[in-house]
Amino acid sequence: MFLAPSQIAAGGPPGLAILGHYSLGISTGFLLFIINFPLVLAGYKLLGRKLFIRSLVVVVLTAFFTHFLPILFELPDLGDNRLLNALYGGLMMGLGIGLMFKAGSSSGGWSILARLISSRLNLSLGQCLFFMDAGVILLSALVFQDFEAAMLGGIAVFVTGRMVDLIVSGSSDIKVVHISCWKAGRLKPIIEKQLGISGSVIQAKSLKSGGDKEILFLIIEKTQLVPIRKVVEDYDPEAYLVVMNAMEVYGTGSRA
């Protein structure tokens, strides 16, 4: 609905299938199956039996619906704004891939091929995936004779990756705060009573002086970050904070 009509090849097997469709006139769904099926078979040892079966189901169903949905239903005309099509196409593809990952499956054979290549070359899996997707995007510029199509494909790949991260890892509204301080006894009651935040205390030693320090380990909402920073500035200016995104928090005692 979004990518193929606008001639946007957003990397991976879907991008190759779109290029093949416009070059050879073959169904996009059929090409998806032809590309993914042998890659999944080649990765049987990497996947294991359970993930292998789930991946095969994904490959078959994705190819089936990609081929038959345009035949069975009249898909809506989404307009000629290719940038919007790239953005929303990337969002929808990322949503689908993220849900597959959450269910313990894979999206097909692209990551398998990257693993096989990275095991033979001195490249990380992320580097392999980047170069492979970049190759598909550059190929789209040659096939469509349109460099704008390649740039839009890059946008769609980026949006897809961000959406997958959001679905799999969640949002970053929860923060992990480490407060390394000399006056933890002064900070703890204020953080607990005034801000209503509980956490853990880790005993530590200063790397520079060897003196005893304490690290307060807190899991907080994003809105609580500024009040905590103000408390530290007011009551222990020599302390320092390290703030990180907590992608997922489990357990009823996670903030005890």
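A crude spin-label estimate for the pair residue 192 and residue 148, with each label 7 Å from Cα along the Cβ direction, gives 6.3 nm.
Taking semi-axes √(5λ) of the Cα gyration tensor in Å as calculated from this structure, the corresponding entry among (i) 36, 20, 16; (ii) 48, 21, 18; (iii) 39, 21, 14 is (ii). Globularity index of region 8-87 is 1.25 (Cα radius of gyration / 2.2 N^0.38 Å, N = number of residues).
Counting 0.36 nm for each residue step from residue 24 to residue 99 and taking away their Cα separation leaves a gain of 23.9 nm. Between 0 and 90 degrees, rounded to the nearest ten: what's the tilt of helix 225-235 against the longest Cα principal axis of the chain? The angle comes out near 20 degrees.
Within the chain, the longest run free of exposed loop sites, counting chymotrypsin sites (Phe, Trp or Tyr not before Pro) that sit outside DSSP helix and strand states (H, G, I, E, B) and have at most 11 other Cβ atoms within 10 Å, spans 74-249.
For residue 222, the lysines whose Cα falls under 23 Å of its own Cα, not counting residues fewer than eight places away in the same chain, are 175, 188, 193, 230.
Helix 110-120 and the longest principal axis of the C-alpha atoms of the chain enclose an angle of approximately 70°. Taking each residue as 0.36 nm, the span from residue 117 to residue 46 lengthens on full extension beyond its C-alpha to C-alpha distance by 24.3 nm. Restricting region 99-171 to trypsin sites (Lys or Arg not before Pro) that sit in a DSSP loop and have at most 14 other Cβ atoms within 10 Å of their own Cβ leaves nothing. Taking all pairs of different Cα atoms in region 66-141, averaging 1/r and flipping that mean, what Kirkwood radius in angstroms comes out? This gives a value of 15.1 Å.
Among 236, 173, 165, the order by Cβ neighbours within 10 angstrom, fewest to most, reads 173, 165, 236.
Each stretch of four or more DSSP H residues adds -39500 (n - 2.57); spread over every residue of the chain, this sum gives -20000 deg cm²/dmol at 222 nm. Under a 5 Å amide H cut-off, with hydrogens placed 1.01 Å from N, residue 106 pairs with 55 among residues at least 5 apart or on other chains. Averaging the Cα positions of each part gives two centres, and for region 161-214 and region 25-104 these lie 41 Å apart.
Along its principal axes, region 174-245 has C-alpha extents of 34, 23, 18 angstrom, given from the largest down. Backbone phi angles across region 83-89, fed through the Karplus curve with coefficients 6.51, -1.76 and 1.60 (θ = phi - 60°), yield HN-Hα couplings of 5, 4, 5, 5, 5, 6, x Hz in residue order; Gly and Pro are listed as x. Helix 184-193 and the longest principal axis of the C-alpha atoms of the chain enclose an angle of approximately 70°.
No lab work stands behind these numbers, since they all come straight from the coordinates. All values derive from a computational prediction rather than experimental measurement. Cβ sites come from the backbone with ideal geometry, for glycine too, and all protein chains shown count toward neighbours.
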